1. Of everything in region 52-72 that's open to solvent by 60 Å² or more (accessible area, probe 1.4 Å) and part of a strand (DSSP E or B), which residue is farthest from A111 (Cα to Cα)?
2. Which of the residues spanning region 77-99 are of a type outside the set (A, V, I, L, M) and either open to solvent by 40 Å² or more (accessible area, probe 1.4 Å) or farther than 13 Å from V156 by Cβ (or both)?
3. So, of the residues in region 161-182 that are farther than 22 Å from R136 by Cα and aliphatic (A, V, I, L, M), which turns out to be modelled with the lowest pLDDT?
4. What are the pairs, 6+ residues apart or on separate chains, where a residue within region 138-151 that is part of a helix (DSSP H, G or I) has its Cβ under 8 Å from a residue that is among the acidic types (D, E)?
5. Restricting attention to region 114-130, does a residue exist that is among the acidic types (D, E), open to solvent by less than 50 Å² (accessible area, probe 1.4 Å) and more than 18 Å from V67 (Cα to Cα)?
6. Name every residue in region 151-170 that is open to solvent by 60 Å² or more (accessible area, probe 1.4 Å) and closer than 21 Å to S134 by Cβ, in order of residue number.
7. Kindly check whether there is at least one residue in region 167-179 that is assigned to a strand (DSSP E or B), touching a residue at least 24 places away in the same chain (Cβ under 8 Å) and either among the charged types (D, E, K, R) or out of contact with any helix residue (DSSP H, G or I) (no Cβ under 6 Å at 6 or more places or on another chain) (or both).
8. For region 186-206: of the residues being over 30 Å from A216 (Cα atoms) and open to solvent by 90 Å² or more (accessible area, probe 1.4 Å), which is nearest to the chain's Cα centre (by Cα)?
Amino acid sequence: MVEELVVAGLAAASGIAVYMAAAGKVVKQFERGVVLRLGRLHGGVRGPGFTMILPGADRLHKVNMQVVTMPVPAQEGITRDNVTVRVDAVVYFRVVEAVNAIIEVEDYRFAVSQMAQTSLRSIIGKSDLDDLLSNREKLNQGLELMIDSPAMGWGVQIDRVEIKDVSLPEAMKRSMARQAEADRERRARVINADAELQASKKLAEAASAMSKEPAALQLRLLQTVVAVAAEKNSTLVLPFPVELLRFLERAQQGPLPPPPPHRAEEPVAEPPAAVEPPHADAPSAPPVGTERTPGTAQDAPPSSKPAVPPREDLPQADLPQGSVPPLVDTSGLADAARAELEILRRLRSTPPVG
């Protein structure tokens, strides 16, 4: 009898242990439980700790209430200014309503991931490249609103969305590098030009002050010599005023000679009215338009005036100071040249005889 009671007790204890193992569930602190009895929602949300369900009829679904960090795969798109980029992001979200996360959506994690990818592509198409690179805070807020709107019906709250990286093509990277370098060079030139302008104004003021006191220039020269000598150089460079060089040049040239006295030109003798035709033995004049080689005997016409002997009887006192007396009197050469040209012109215009 006793043995039967012991066996029955052990069987009951075993049955109770099996039932407790099947019906008892433990919900962790960061989880919430949702019980479905025969496919319908039973009761409310089960809190953390030990809870009991009906084995075979109830099914407990545990929902993690922690913040989930979900990376969004890199999405390739074209920006509004027609630049191909590749952008990836990360989404921080958590479940606030466990019942909706189980009943309203099949897999809330997959749903949030797909919504994040489509929203990221939409943001890329609506934004410029400069906004993606420098104005990410505004893009993050817009992306968060786009994902959070449908996720609220799933019992999911989007805490934060961040754009991690923006990948550009190599050609675009080189173009942007050249643009940045050109911009830096432009700013450097502007700053340098501004410095030159300010320095020129100060130098003009210094020059105006030194012009009032001639000794200031000499003092400045001495300061320059001291500054150069302080470097222990073997070569000493002394600046020399350009005005002093010009003064020495004018002093070396001496006074300019006075202009020579004006001499009245001698009257030009009129050529004869008629000229006899040349003899047969005489060389005929070349036809008009024929080139003549200078320096030949046939081109030199007979001179109508004898050469003037050198003027050796001109006294030295009549010459201007600093000039050399001429060796030949050239006052009558112009008249002789005119007479010879007139004779040649008439010879050419006379028709040949016979």
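1. Taking region 52-72 first, the residues open to solvent by 60 Å² or more (accessible area, probe 1.4 Å) are 52, 54, 56, 59, 62, 66-67, 69, 71.
Going one step further and asking which of them are part of a strand (DSSP E or B), we end up with 52, 59, 62, 69, 71.
Details: M52: 31, R59: 23, K62: 18, T69: 14, P71: 13 Å.
Ranking the qualifying residues of region 52-72, first place goes to M52.
2. Going residue by residue through region 77-99, those that are of a type outside the set (A, V, I, L, M) are 77, 79-82, 84, 86, 88, 92-94, 97.
Passing the criteria: G77, T79, R80, D81, N82, T84, R86, D88, Y92, R94, E97.
3. My answer is A171.
4. Partner pairs satisfying both residue conditions: K138/D131; L139/D131; N140/E162.
5. So the first thing to find is which residues in region 114-130 are among the acidic types (D, E), and the list is 128, 130.
Within this subset, residues satisfying the condition of being open to solvent by less than 50 Å² (accessible area, probe 1.4 Å) are 128.
Now drop any that are not more than 18 Å from V67 (Cα to Cα), which leaves 128.
Yes, region 114-130 has at least one match.
6. Matches in region 151-170: R160, K164, D165, E170.
7. Initially, region 167-179 is screened for residues assigned to a strand (DSSP E or B), giving 167.
Those still in the list that are touching a residue at least 24 places away in the same chain (Cβ under 8 Å) too: 167.
Subsequent filtering for residues that are either among the charged types (D, E, K, R) or out of contact with any helix residue (DSSP H, G or I) (no Cβ under 6 Å at 6 or more places or on another chain) (or both) retains 167.
Yes, there is a match, as at least one residue in region 167-179 is assigned to a strand (DSSP E or B), touching a residue at least 24 places away in the same chain (Cβ under 8 Å) and either among the charged types (D, E, K, R) or out of contact with any helix residue (DSSP H, G or I) (no Cβ under 6 Å at 6 or more places or on another chain) (or both).
8. Pass one, region 186-206, residues over 30 Å from A216 (Cα atoms): 186-191.
So of that shortlist, the ones also open to solvent by 90 Å² or more (accessible area, probe 1.4 Å) come out as 186-187, 189, 191.
Working: R186: 6, R187: 9, R189: 10, I191: 14 Å.
Once the filter is applied, the top-ranked residue is R186.
The values are calculated or read from the model by the stated rules, or taken from the named source; none is laboratory data. For clarity, every value in this text was computed on a predicted model and none was experimentally measured. Glycine gets a Cβ as well: all are built from the backbone with ideal geometry, and neighbour counts include every protein chain shown. To get the accessible areas, we keep the full protein, side chains included, count just its heavy atoms, and leave off ligands, DNA and RNA. Shrake-Rupley method; radii C 1.70, N 1.55, O 1.52, S 1.80 Å.
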